[in-house]
Amino acid sequence: RDWTRLDEALKALLAAAPDSAYAPDAKALLERLSRRAQVRGKVVGALLPMSGKYKAFGETTLRGLQLALKGGDVELLVKDTQGDPTLTAKLVEQLAFDDGAIAIVGPLLADDAKRAALVAEELQVPLITLSRAEGLTDIGPHIFRTMVTNQQQAEALADYAMNTLGYKTFAVLHPNTPFGVELTNEFW
């Protein structure tokens, strides 16, 4: 990921051994590397689970993005993460290198979002994640979030209940799901 050294190494390889078995791959990688700086100002990538277990969430989110962009001249390039963090990382690279996306929206799932954030930060591509996973925005200055975390929700609820409404005693009823348990623990 040291782009300057990679550029130098590829050029040195091609200069020293233009007929090498590695020359075609080196040329292709050098071409792809040169596209890294070619950003298309009206292209935004979207990383969503458009197939698999979370397809319904991806489709709903896509409809919302399309509605938000309706009437504008922004091109939305949708990539199917399939809920696979490894694929998500490759799609971030594809959107940055091959498609020239100026920014990326998504993904939804925590593991996908973490992988996407790491790669997007490395490539210095703004990522607006739709995940509530903790610590994403700490990865770097190119990572943003549109969702509040469970901790932020619980803190706001407790603050409002205690400081605005004056409540001092609480009973918590919650669904016995990972989300319900986590939110209850954060509130407590």
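Over what distance in Å are the Cα centres of region 1-55 and region 130-170 separated?
Answer, in whole Å: 38.
Helix-only estimate, please: 222 nm mean residue ellipticity of the chain, summing -39500 (n - 2.57) across DSSP H runs of length 4 or more and dividing by its residues, to the nearest 500.
Details: 7 runs with 85 residues, N = 188.
Helix-only estimate at 222 nm: -14000 deg cm²/dmol.
A 32 angstrom limit on the alpha carbon distance is what I want to check against. Which of K27/K55; K70/K114; K70/K90; K42/K90; K27/K70; K55/K168 exceed it?
Correct reply: K27/K55; K27/K70; K55/K168.
With a 1.4 Å probe and all protein chains in place, put K70, K42 in order of accessible area, largest first.
Largest to smallest exposure gives the sequence K70, K42.
Using DSSP H assignments, which helices in the chain have an axial alpha-carbon span of 24 Å or above and a mean Kyte-Doolittle hydropathy of 0.0 or higher?
Taking the DSSP H segments of the chain (at least 24 Å long, mean hydropathy at least 0.0), we get none.
Report the Rg/Rh value for region 1-107, based on alpha-carbon coordinates and the Kirkwood definition of Rh.
Result: Rg/Rh = 1.12.
Relative contact order for the chain: what is it in percent, counting Cα pairs under 8 Å that are at least 6 residues apart?
Working: 275 pairs, mean separation 29.5, N = 188.
Relative contact order for the chain comes out at 16 percent.
Principal axes first, then extents: for the Cα atoms of region 85-177, list largest minus smallest coordinate on each axis, whole Å, largest first.
The Cα atoms of region 85-177 stretch 56, 27, 16 Å along the principal axes, largest first.
Please find the FRET efficiency linking T60 to T184, where r is the Cβ-Cβ separation and R0 is fixed at 30 Å, and quote it to the nearest 0.05.
Here the calculated transfer efficiency is 0.70.
What does the convex hull of the Cα atoms come to per residue for region 136-188, in Å³?
So the per-residue hull volume is 102 Å³.
For the chain, just the Cα atoms, rotate onto the principal axes and tell me the three extents in Å, largest first.
77, 36, 29
The values are calculated or read from the model by the stated rules, or taken from the named source; none is laboratory data. If you're wondering where the values come from, they're calculated on a predicted model, not measured in any experiment. Positions of Cβ are generated from backbone atoms using ideal geometry, with glycine treated the same way; all protein chains shown enter the neighbour counts. What goes into the accessible areas is simple: the full protein's heavy atoms, side chains included, and nothing from ligands, DNA or RNA. Shrake-Rupley method; radii C 1.70, N 1.55, O 1.52, S 1.80 Å.
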